[in-house]
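The values are calculated or read from the model by the stated rules, or taken from the named source; none is laboratory data. From a predicted model like this one, the values you see are computed outputs, not experimental measurements. Here the Cβ is made from the backbone with ideal geometry for all residues, glycine too, and neighbour counts use every protein chain on show.
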Amino acid sequence: MKKTKIKIGIILILSLFFIIMCLNIYKQSPRYIIKDTVMWYEKDFTIPLFCKKVKFEYDKKSGNYTGKFAISEKQKDSLFDNLKEFNERSVNVTNSIDKYKGNLRDLDKKTLNTTMVSYNLLYKYYFKKEKKRDDIQIDKIYPEEWMLENCDELIAIYLTEPRYIKDSCDETVLSDYSNLINGKVPRCCIVIYKDKTGKYYFCIKRTDYSDWDGPDVW
């Protein structure tokens, strides 16, 4: 009986050790890193579960990274729909803040802490009419040549960043995010594209733009 209890204890300890090890491995994975940084407040966006990593470069000290993943057409559609939904939420929150006449400090945290997500930067809007841009140079989007290699069609370009709201009187930051990189607000530049063989890719770069001015799309 005593030996049985010892065996059970050993199994439980090994199981706990295995769980902790798996969690540590997961926290260092691109999926976790992206989930923790693209949507600063909501944490509800990440790469598809079974997409193939092409390349992922991560700087632990700054938190900056550059990644590229091969995705299926279905995963492409899902990512695109998610980004569109997040943009709509961001716009609605921004409009509600702009129209708010009271003290911004009185707004609830859910409103203040909503990640800023741009519209699809492949398009411009004139009097609420959508027009696809023809001035985007593919080789100017990312400094890394391998990110948009053999690009045939750009499908989406999105920018995400934490929301910073400052009081007009004392310039106090009202949103919770304060993790600046080199004194600057970090951003994530996301691109979905199709290459010349018909394969789809998801590319993302998180940076404070300290060594790069960003793509010529905004």
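What tally of residues in region 101-122 results from selecting those that are loosely packed, with under 13 Cβ neighbours inside 10 Å and within 28 Å of Y65 (Cβ to Cβ)?
Taking region 101-122 first, the residues loosely packed, with under 13 Cβ neighbours inside 10 Å are 101-103, 105-106, 108-110.
Add one more test, that the residue is within 28 Å of Y65 (Cβ to Cβ), and what stays is 109-110.
Result for region 101-122: 2.
Any residue at all in region 153-168 that is within 24 Å of R206 (Cβ to Cβ), surrounded by 12 or more Cβ atoms within 10 Å (Cβ to Cβ) and in contact with an Asp or Glu (Cβ under 8 Å, 6 or more places away or on another chain)?
No, region 153-168 contains no residue that is within 24 Å of R206 (Cβ to Cβ), surrounded by 12 or more Cβ atoms within 10 Å (Cβ to Cβ) and in contact with an Asp or Glu (Cβ under 8 Å, 6 or more places away or on another chain).
Can you find, within region 186-209, the residue that is nearest to N150 (Cα to Cα) among those that are part of a loop (DSSP other than H, G, I, E, B) and modelled with pLDDT under 95?
It comes out as Y209.
Tell me, yes or no, whether region 48-59 has at least one residue that is at pLDDT 95 or above, under 28 Å from D195 (Cβ atoms), touching a strand residue (DSSP E or B) at 6+ places or on another chain (Cβ under 8 Å) and in a helix (DSSP H, G or I).
Scanning region 48-59 turns up no residue that is at pLDDT 95 or above, under 28 Å from D195 (Cβ atoms), touching a strand residue (DSSP E or B) at 6+ places or on another chain (Cβ under 8 Å) and in a helix (DSSP H, G or I).
Could you list, in sequence order, the residues of region 73-122 that are outside any helix (DSSP H, G or I) and closer than 17 Å to F45 by Cα?
Those that are outside any helix (DSSP H, G or I) and closer than 17 Å to F45 by Cα: N113, T114, T115, M116, V117, S118, Y119, N120.
What pairs come up if the first residue lies in region 134-158 and is without any contact (Cβ under 8 Å) to a residue 40 or more places away in the chain and assigned to a strand (DSSP E or B), the second is among the hydroxyl-bearing types (S, T, Y) and surrounded by 11 or more Cβ atoms within 10 Å (Cβ to Cβ), and their beta carbons are under 9 Å apart, counting only those six or more places apart or on different chains?
Filtered contacts from region 134-158: L154/Y193.
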